[in-house]
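Trainee: Submitted below is the structure of interest, expressed as C-alpha cells.
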Amino acid sequence: MDLKDIPEVKINTDWCKSCGICVAFCPRKVLEMGMFYAQVAHPEACSGCKMCENLCPDFAITVTLPVKTAEKVK
Amino acid sequence: MEKSNPNVYMMQGNTACAEGAIAAGCRFFAGYPITPSTEIAEVLAYRLPQVGGNFIQMEDEIAAMGAVIGASLGGVKAMTATSGPGFSLKQENIGFAAMAEIPVVVVDVQRGGPSTGLPTHVSQSDMMQARWGTHGDHGIIALCPSTVRETYDLTIRAFNLSEQFRTPVLLMTDEIIAHLNEKIELPEPSTIKIINRQKPTVPPEKYVPYAMTDTDIPPMANFGEGYRYHVTGLAHDETGFPTNDPAKIEEQLLRINRKIERYRDEIVEVEEFATEKMEVLVIAYGATARSAKKAVQLARENGRRAGLLKLKTIWPFPEKEIAQLAQKVSRIVVPELNLGQIAHEVEWATCRALPVVRVNRINGEPITPHEILQAIVG
Amino acid sequence: MDYLYYLRQSKMPHIWCDGCGHGIVLKSLLRVIDKLGWDKNDVAVVSGIGCSSRTPGYVDFNTLHTTHGRALAFATGLKIAKPQLHVIVVTGDGDAVAIGGNHFIHAARRNIDISVIIYNNYIYGMTGGQVSPTTPTMKKATTTPFGNPDAPFDISRLAAAAGAAYVARTTVYHYARMDLYIEQALTKKGFSVVEVLSPCPTSYGKLNKLGNGVDMLMYQKENTVSLEKAAQLTPEELENKIVVGVFVDKEQADYQEHYQKVVQKSHNV
C-alpha cells in the first residue's frame, strides 16, 4: 500500500497531555501511548474516521485524509 | 396651556436623572425596582424605546449591573440605578467595570441603612461604599447633586467622565433630591457637551487594549467592530490576557488608579457660596447642602461670617480645594446624613489643623438649617 | 477543518487537566462555527468563572470572561447592544445553575437569542473539587466527604421548564451528536441550551473512584440512553444512566421580536 493513500495522523507533542483517550478509542488501534505522549504506532491501519481527532481534548491530533478519500467524503 | 418657555419643566430629581441620561446619549438601561430609585427605571422604560434605546428590567441588581457592562462593551452608553441594598449587590460587577475599564454609569439614590433600613427616607451613608465598596484598589469617580437641575447636569457629566476615563462613574444622589419637584430649565440639546470614548485608530492586528499610553487611558474597541480581544476581570497585562507576572500586574493596577488621580483637577467640581471673609466654613453635599446654604445665609444675616463649600464631586476627594479654604477659617462644620463619613475625609484634608464639627443624623430625617446654624455659631 | 484558525495559539496548550472533557466540547463548538461559516468578528464568547469559563481565552473571537455566575447577565446586555453578534455563553454546572441559577432561568424565560453551552462535570473543578448543584446524591466532593446529601438539578429539564426555545443534552463521547445539537442551538432563534456531560477525572472521578478520563468516557459510551428509550424504562432501570436527546425544540418569538413591538407602541403615544 502506498503511504499517500492512507490518512496521515499527526500528534502535536507540545500539546498532548497523554490522557490516553485516542489510544483507547481508536477502532483500529493505530495509536499507542509512549513515555510522554501518544504515538502513531500503526499508521497503515488508519481508516481516517477521525475519532481520535474529535475526542482529543487537547487539540493535539490532526488527521489528514488522502486526497482521494477526502474527495469521496465531499 | 402653552408654555412660555418650552424648556422649563416641573421635574423630580429621578426624572431629571433619566432625561439627563438620554441627553448624554444613554441608550441602554438595565435595572431592578428599588425605592427610592424606581422612577428612574420607570421613566426610562417609557423614554428609551422612543429614542431608539433599550430598557430591560433584570432579575436582580447584580444582573442589571452585568447587563450594562455588556451593553457598554457592545458600544452603547449604559446606565443602571439603584439604592443602598442594590448598590451593595452591584459592587462586584462595579469592580469588574473598573478592572476591565468599561464605561458605565451607576446611580445610587441613597436611603437609610444598614440592610433594608429606611426605604423611603433620606440618607447619605453610602459615601464610603462608593469609594471602597469593591474589593481591591482602583480609582473611582463619584458625583453628588443637590438640586434637580444638578441631577440633570451631573448625570450627563457622569457619562462624559465614564467615556473619557474608561471607568464606572457613580452618581450619588439621595431620597430628597430624587423625589424633590423643582422648576428647572433644561439646556438646549445643541449646547450640551458630549464626550464619547476614544476608539482605536490602529488596525486590529496592532490594537493593544490595555496599552500603557501617555494619557494612561488606552483607546477602547467595541465588541463586534473588527477588533477581537479578550476582556477579563482577572489581573491582566496590556494585551488583556490574564497574567501572573508581578511587574505587569502592578503596571496595570497602578495605571487604573493613576488615570483618575492624575486628572483630579479636571474631575473635581465644587461650588463656593459666601466664602469671602469667613470665619466658619460649612462643607456639605447632596440634600444637606440645601440646608447648609440656608444656614450660611441665616448666619450672615445675623452677622456671623460663615461660608459654604458644596461638593459636587465626592471622589476623587476635593482635598486641595478644602485645604485652601480651611486656611481662611478657624472652624469647619460638616453636616451629613451619616455618622461622619465625609467629615473624616475633611479632617485628613486639613491635617486636623482646625476643629471639624460634625452634624450627623441617621434616622431618616433631614438636617435642618437651624441645626447647622447652631453648629456655625458654636 | 483547521482548529488553529480559531485558536489563540500562543495561549495553548490550555489549562484543562489530562482526560478532562472540556477540550472536546470546545472542538465541537469550533467545528460548528466553522461549518456555519460565521465571521470571527461576528462571534462573541462570554463566560463566568470556573474551568469551562476559561474557554474564551483560547478562542479568537470577541471574548468576555465575566464574574462568577453572571455571564448571562453580561451577554444579555451585549446581545441587546449589538444584535448582529452571535452571542455564545460557555459555562459550567456551578456557574450556570448555582451562583448563576437565577440569571439562567430568567434568560430562558425571556427567550433572548443567546446560546448557552454548559459543560457539566458535576463538580467545582477550578477550586479543587467541591460539591456542585449537579453532583448526584451521596457522591463525594471535597465539601461532601461523606457523600452529598443534596439532590441534583437536572439542568436540561430546568431550562425546558423555564421556557428555553431549544434544550438538548449529550456527552462528550457522543461528539457527532454534540455537533448536531450545538449546530441546532446556534442557529435557533431564542434561548438555546446544550448541556454536555464532561468528565472531570482529576476531582470528581478521583473522589468517586471512577478512574481516569478514558474510564469516564467509557462509562458515557456504555451508560447513555436516549430520551425515547428512557421513556420505556423504569426508574430503577434508569439509575446511573445518562439520558440524552433533544428536550425542547420550538419556534417562538424571542425577546427582541417582542421588544420591537414595544418600540412601535412607544412611538404611538
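Trainee: About its Cα centre, how strong a charge dipole does the protein assembly as shown have in debye, to the nearest 20, once Lys and Arg get +1 and Asp and Glu get -1 at the Cβ?
Mentor: 240 debye
Trainee: While we're here: Cα-Cα pairs above 14 Å in the range B:51-99: how many percent? Working shown, then result.
Mentor: On the way: 568 of 1176 pairs.
Considering the range B:51-99, 48 percent of its Cα-Cα pairs are separated by more than 14 Å.
Trainee: Continuing with this model, one more query. Report, as an integer, the average count of C-beta atoms from other chains found within 10 Å of each Cβ along B:217-224.
Mentor: 4
Trainee: Apply the Karplus parameterisation 6.51 cos²θ - 1.76 cosθ + 1.60, with θ equal to phi minus 60°, to every residue of the range B:319-324 and state each ³J(HN,Hα) to the nearest whole Hz, in sequence, with x for glycine and proline.
Mentor: For the range B:319-324, the Karplus-derived couplings read 5, 4, 4, 5, 4, 5 Hz, x marking Gly and Pro.
Trainee: Take every DSSP beta bridge with both residues inside the protein assembly as shown and express the antiparallel ones as a percent of the total, to the nearest 5. If you can, show how the numbers build up before the last one.
Mentor: Working: 29 of 94 bridges.
Counting only bridges with both partners in the protein assembly as shown, antiparallel ones make up about 30 percent.
Trainee: Continuing with this model, one more query. Can you tell which of B:Val148, B:Ser125, B:Ala158 lies farthest toward the positive end of the dipole of the range B:91-159, using +1 and -1 charges on the Cβ of basic and acidic side chains (Lys, Arg; Asp, Glu)?
Mentor: With unit charges placed on the Cβ atoms, the residue in question is B:Val148.
Trainee: Over the range C:3-267, what number does the Rg to Rh ratio reach, with both radii from the alpha-carbon atoms and Rh per Kirkwood?
Mentor: 0.96
Trainee: Determine the distance separating the Cα centre of the range C:22-67 from the Cα centre of the range C:150-224; give it in Å without decimals.
Mentor: Result: 17 Å between the Cα centres.
Trainee: Please return the longest stretch of chain C lacking exposed loop sites, where GluC sites (Glu not before Pro) count only if DSSP places them in a loop and at most 12 other Cβ atoms lie within 10 Å.
Mentor: Maximal segment without exposed cleavage sites: C:1-238.
Trainee: Using Cα pairs closer than 8 Å and at least 6 residues apart in sequence, work out the relative contact order for chain C, in percent.
Mentor: Once divided by the residue count of chain C, the mean separation gives 18 percent.
Trainee: Loop-only check: which chymotrypsin sites (Phe, Trp or Tyr not before Pro) in the range C:93-153 are DSSP coil with at most 10 other Cβ within 10 angstrom?
Mentor: Those that pass, being in a loop and sparsely packed, are C:Phe146.
Trainee: Let me ask another. Under 5 Å between amide hydrogens, which residues at least 5 positions from B:Thr82 or on another chain qualify, with H placed 1.01 Å from N in the peptide plane?
Mentor: B:Val107, B:Asp108, B:Val109
Trainee: For B:His135 and B:Lys193, FRET efficiency with R0 = 25 Å and r from the beta-carbon atoms, rounded to 0.05?
Mentor: 0.15
Trainee: Considering amide H positions built from the backbone, and no H for Pro or chain starts, which residues 5 or more places from B:Val231, or on another chain, come under 5 Å of its amide H?
Mentor: Amide H neighbours of B:Val231, under 5 Å, 5+ apart: C:Thr63, C:Leu64, C:His65.
Trainee: Run the quick spin-label model on C:Thr234 and C:Gln264: label points 7 Å from Cα toward the beta carbon, then report their separation in nm to one decimal.
Mentor: Each label point is offset 7 Å from its Cα along the Cβ direction, giving 5.5 nm.
Trainee: For each of C:His267, C:His14, count neighbouring Cβ atoms within 10 Å of the residue's Cβ, then give the residues from fewest to most.
Mentor: Lowest count first: C:His267, C:His14.
Trainee: Sticking with this structure for a sec: Can you list the equivalent-ellipsoid semi-axes of the range C:144-184, largest first and in whole Å, using the square root of 5 times each Cα gyration tensor eigenvalue? Spell out each step's value before the answer.
Mentor: On the way: eigenvalues 136, 58, 4 Å².
After diagonalising the Cα gyration tensor, the semi-axes are 26, 17, 4 Å.
Trainee: Here is a further query. Between C:Thr137 and B:Glu251, what is the label-to-label distance in nm when each label sits 7 Å out along the Cα-to-Cβ direction?
Mentor: Label at C:Thr137, label at B:Glu251, 5.5 nm between them.
Trainee: Could I ask something else about it? How big is the charge dipole of chain B about its Cα centre, in debye rounded to the nearest 20, if each Lys and Arg gets +1 on its Cβ and each Asp and Glu gets -1 on its Cβ?
Mentor: Taking the Cα centre of chain B as origin, the dipole is about 720 debye.
Trainee: Which cross-chain or sequence-distant (5 or more) residues have an amide H under 5 Å from the amide H of C:Val225, H modelled 1.01 Å from N in plane?
Mentor: Hits under the 5 Å cutoff: C:Ile242, C:Val243, C:Val244.
Trainee: As an exercise, find the ratio Rg/Rh for chain B from alpha-carbon atoms, using the Kirkwood inverse-distance average for Rh.
Mentor: 0.98
Trainee: Which whole-number percentage describes the relative contact order of chain B, with Cα contacts under 8 Å and a sequence gap of 6 or more?
Mentor: Values: 838 pairs, mean separation 60.7, N = 378.
After rounding, I find 16 percent.
Trainee: Compute for the range B:8-191: radius of gyration divided by Kirkwood radius, i.e. Rg/Rh, restricted to C-alpha atoms, rounded to two decimals.
Mentor: That ratio is 0.93, to two decimals.
Trainee: What are the chymotrypsin sites (Phe, Trp or Tyr not before Pro) within the range C:1-48 that DSSP puts in a loop, where the Cβ has at most 16 other Cβ atoms within 10 Å?
Mentor: Within the range C:1-48, the qualifying chymotrypsin sites (Phe, Trp or Tyr not before Pro) (loop, at most 16 other Cβ atoms within 10 Å) are C:Trp38.
Trainee: Return B:His370, B:His230, B:His135 ranked ascending by Cβ neighbour count within 10 Å, so the fewest neighbours appear first.
Mentor: Result, fewest neighbours first: B:His135, B:His370, B:His230.
Trainee: Would you calculate the separation in nanometres between label points at B:Lys320 and B:His370, each defined as 7 Å from the Cα along the Cα-to-beta-carbon direction?
Mentor: A separation of 4.1 nm, rounded to one decimal place.
Trainee: May I pose another question? Could you sort out which of B:Lys183/B:Lys310; B:Lys90/B:Lys293; B:Lys90/C:Lys261 sit more than 23 Å apart by Cα distance in this structure?
Mentor: Pairs exceeding 23 Å: B:Lys90/B:Lys293; B:Lys90/C:Lys261.
Trainee: Please give every one of the aspartates and glutamates within straight-line cross-link reach of C:Lys241, meaning a C-alpha to C-alpha distance under 16 Å, and leave out same-chain neighbours fewer than 8 residues apart.
Mentor: In chain and number order, the partners are C:Asp154, C:Glu195, C:Asp215, C:Glu222, C:Glu228.
Trainee: Turning to a different aspect of this structure: Quick one: if the Förster radius is 56 Å, what FRET efficiency do B:Glu276 and B:Asp214 give, using the C-beta to C-beta distance and rounding to 0.05?
Mentor: Details: r = 40 Å, r/R0 = 0.71.
Efficiency, from the Cβ-Cβ distance: 0.90.
Trainee: If you take every DSSP beta bridge fully contained in chain C, what fraction is antiparallel? Give it as a percent rounded to 5.
Mentor: In chain C, DSSP labels about 20 percent of beta bridges as antiparallel.
Trainee: Let me ask you something else. Where does each of B:Phe28, A:Phe36 land when they are ranked from fewest to most other beta-carbon atoms within 10 angstrom? Before the final figure, lay out the partial values.
Mentor: On the way: B:Phe28 27, A:Phe36 10.
Ascending Cβ contact count within 10 Å gives the list A:Phe36, B:Phe28.
Trainee: Taking θ as phi - 60°, what are the ³J(HN,Hα) couplings along the range B:236-248 by the Karplus curve (6.51, -1.76, 1.60), each to the nearest whole Hz, with x for Gly and Pro?
Mentor: 9, 9, 5, 7, x, 8, x, 9, 10, 6, x, 5, 5
Trainee: According to the Cα gyration tensor, what semi-axes, each the square root of 5 times an eigenvalue, does the equivalent ellipsoid of the range A:3-73 have, listed from largest to smallest in whole Å? Kindly include the intermediate steps, with their values, before the conclusion.
Mentor: Details: eigenvalues 83, 27, 22 Å².
Each semi-axis is the square root of five times an eigenvalue, giving 20, 12, 10 Å.
Trainee: Further, regarding this structure: With +1 on each Lys and Arg Cβ and -1 on each Asp and Glu Cβ, and nothing else charged, work out how big the dipole of chain C is about its Cα centre, in Debye to the nearest 20. Let's see the in-between values first.
Mentor: Details: 27 positive and 24 negative charges, 100 e Å.
My answer is approximately 480 debye.
Trainee: What is the P(r) of the protein assembly as shown, as percent of Cα-Cα pairs per 10 Å bin from 0?
Mentor: Once binned at 10 Å, the Cα pair distances of the protein assembly as shown give 3, 14, 22, 22, 17, 11, 7, 4, 1, 0, 0, 0.
Trainee: In chain B, what % of DSSP beta bridges are antiparallel (nearest 5)?
Mentor: 30 percent
Trainee: Same structure again: Using the structure shown, list the pairs from A:Lys10/C:Lys140; C:Lys209/C:Lys250; A:Lys17/C:Lys140; C:Lys79/C:Lys140; A:Lys29/C:Lys250; A:Lys10/C:Lys82 with a Cα-Cα distance above 31 Å, or answer none.
Mentor: Cα-Cα > 31 Å for A:Lys10/C:Lys140; C:Lys209/C:Lys250; C:Lys79/C:Lys140; A:Lys29/C:Lys250; A:Lys10/C:Lys82; rest within.
Trainee: When averaged across all projection directions, what area in nm² does the alpha-carbon convex hull of the range C:3-133 cover?
Mentor: Approximately 7.6 nm², given one-decimal rounding.
Trainee: Hey, what does the equivalent ellipsoid look like for the range C:162-203, semi-axes from the Cα gyration tensor as sqrt of 5 times each eigenvalue, largest first, whole Å?
Mentor: Working: eigenvalues 95, 31, 8 Å².
So the three semi-axes of the range C:162-203 are 22, 13, 6 Å.
Trainee: Continuing with this model, one more query. Can you run phi through the Karplus equation (6.51, -1.76, 1.60; θ = phi - 60°) for the range B:145-154 and list ³J(HN,Hα) in whole Hz, with x for Gly and Pro?
Mentor: Residue by residue, the range B:145-154 yields x, 10, 9, 5, 4, 5, 4, 4, 5, 6 Hz.
Trainee: For A:19-26, what's the mean count of beta carbons from other chains sitting within 10 Å of each residue's beta carbon?
Mentor: Mean partner shielding for this stretch: 6.
Trainee: Find me the longest stretch of chain B that has none of the exposed GluC sites (Glu not before Pro), where exposed means in a DSSP loop (not H, G, I, E or B) with at most 10 other Cβ atoms within 10 Å.
Mentor: B:3-275
Each reported figure results from applying straightforward, stated rules to the coordinates on display, with no laboratory input. All values reported here derive from a predicted model rather than from experimental measurement. Using ideal geometry, Cβ is built from the backbone for each residue, glycine included, and neighbour counts are taken over all protein chains shown.
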